[in-house]
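See below for the structure under consideration.
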Amino acid sequence: MPFNLNLLILFLTHMASTQTTPLSETEIERYVQWVDQLKVEHQLDRISYPNMSGCGGAVDGYYFNQKLVLIESIYNAELGFSSRKYYLEQDSFVKIIYHEHFADWDRYQADYPPDKFDFDASKMTYTDTLYSIFLAHPAVFYKTAGNHLISKNPEQPLLDRLLSCGQEMKNELHEVTDQADSLK
């Protein structure tokens with residue numbers, strides 16, 4: 001896939017401006033596409049947090065011109081996982097994609113009460129929820145399952161947890177880069 005010069009020009013123009021107002025959803029999506037394209041083309045530098053993040057599990061930071069533009073994390077469990085993508089522009093979060101895929105214990109136990117059945121993982125059903133949050137003005141929130149929109153109503157406690165987690169992972173990645181810089 002060839003590098004999209006239009007996206008690069010848009011990004012560089014945006015970076016050159018000292019914009020203090022939040023980006024629109026459309027501007028954020030263009031920026032996200034640009035970062036994703038750079039990642040596909042291996043034009044971002046990846047730094048991995050060497051430990052498991054208490055908040056995000058395995059964490060990778062992606063840098064363009066020594067600026068953090070993307071954080072990806074995945075936390076795997078025995079019966080599911082969660083993943084997070086944080087897009088950053090000028091050191092601020094602009095978009096979060098949070099994916100939950102966990103065992104639906106309530107439904108399983110209703111269908112197979114533990115006092116009557118032995119556990120059978122092959123009968124487990126799973127939740128599969130994707131949250132796409134644009135930190136625009138105003139913020140835009142999409143909660144989907146499969147290809148179905150469930151809600152556009154912001155879930156403030158979830159957003160607060162995601163932002164706190166993103167900041168924690170950002171700090172963990174800065175620890176790694178600071179250590180690497182001190183060795184030079």
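Values quoted throughout were computed directly from the atomic coordinates according to the rules given, and no laboratory measurement underlies them. As the structure is a computational prediction, the values presented were derived from the model and not from experiment. Don't worry about glycine lacking a Cβ; one is built from the backbone with ideal geometry, like all the others, and counts go over all protein chains shown.
Descriptive notes on the structure:
- Per residue of the chain, the DSSP helices (runs of n ≥ 4 H) give a summed -39500 (n - 2.57) that works out to -11500 deg cm²/dmol at 222 nm.
- Dipole of the chain computed with +1 at Lys/Arg Cβ and -1 at Asp/Glu Cβ about the Cα centre; of Ala77, Phe64, Pro50, farthest Cα towards the positive end is Phe64.
- Ranking of Met124, Met169 by count of other Cβ atoms within 10 Å, fewest first: Met124, Met169
- Simple Cβ-charge dipole of the chain, Lys/Arg +1 and Asp/Glu -1, about Cα centre, in debye nearest 20: 440
- Peptides 56-62, 133-139, 32-38 ordered by average Cβ neighbours within 10 Å, highest first: 56-62, 32-38, 133-139
- Projected-area average for the chain over all orientations - Cα convex hull basis, square nanometres: 13.8
- Computed from Cα positions, the angle between helix 25-40 and the longest principal axis of the chain comes to roughly 90 degrees.
- Proximal lysines relative to Lys143, as straight alpha-carbon distance under 16 Å, when same-chain residues fewer than 8 apart are discounted: Lys85, Lys95, Lys152
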